[in-house]
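Engineer: Mind having a look at this structure? Questions to follow.
The values are calculated or read from the model by the stated rules, or taken from the named source; none is laboratory data. In this text the structure is predicted, and so the values were computed from the model without any measurement. The protein model used for the area step is the full one, side chains on, heavy atoms only, and it has no ligands, DNA or RNA in it. Shrake-Rupley method; radii C 1.70, N 1.55, O 1.52, S 1.80 Å.
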Amino acid sequence: MINNIILAEAAASGSASVIQGILPWILIFVIFYFLLIRPQRQQQKKLQEQQKAMKSGDKVITAGGIHGIIRDVDDKTVKVEVAAGVLIKFEKSSIVGFSSKEA
C-alpha cells in the first residue's frame with residue numbers, strides 16, 4: 001500500500017516535471033512567432049499586393065539594386081527604364097522595393 005502511494009506521487013510529480021520542461025519551449029516558440037514569423041509574413045503579403053498593383057510610372061527597386069521607372073507591365077514581367085531610353089525586362093517577383101513618388 002505504501003509502495004502504491006509512492007508510485008502514484010512519483011507519477012504525478014513526473015508529469016508535472018514534463019509540463020515544466022515543455023512550458024519554456026512553448027513560450028519561446030510563441031515569442032519567436034510574434035517577433036519574427038508574423039511580421040515577415042505581413043511584409044511578404046504587402047510586397048505581393050504591391051507587385052500585383054504595379055503600373056506604368058511607378059519608381060521601383062529590383063532585387064539586384066537597380067533603380068528605375070516602370071514603363072510597361074505584363075502578366076509576369078515589367079519593363080523598367082533605368083536611363084533615358086534604356087529599358088530592361090524583369091520578372092515581377094524581382095521587384096522588391098517601391099518609391100512613394102511617381103515619375
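Engineer: What is the percent of Cα-Cα separations in segment 44-103 that go past 13 Å? Kindly include the intermediate steps, with their values, before the conclusion.
Structural biologist: Details: 951 of 1770 pairs.
Result for the distance tail: 54 percent.
Engineer: Collect residues whose amide H, placed 1.01 Å from N in the peptide plane, falls under 5 Å from the amide H of Thr77; neighbours closer than 5 in sequence don't count.
Structural biologist: Long-range HN contacts for Thr77: Lys92.
Engineer: Related question: Could you give the length gained by full extension between Lys89 and Ile31, i.e. 0.36 nm per residue of separation minus their alpha carbon distance, to one decimal place? Let's see the in-between values first.
Structural biologist: Numbers: separation 58, 0.36 × 58 = 20.88 nm, distance 4.13 nm.
Gain on stretching Lys89 to Ile31: 16.8 nm.
Engineer: Order Lys92, Lys59, Lys76, most accessible first, counting only protein heavy atoms with a 1.4 angstrom probe. If you can, show how the numbers build up before the last one.
Structural biologist: Numbers: Lys92 40, Lys59 75, Lys76 150 Å².
From most exposed to least exposed: Lys76, Lys59, Lys92.
Engineer: So who's got an amide H within less than 5 Å of the one on Val96, skipping anything under 5 residues away but keeping other chains? H placed 1.01 Å off N, in plane.
Structural biologist: For Val96, the qualifying residues are Ile61, Thr62, Ala63.
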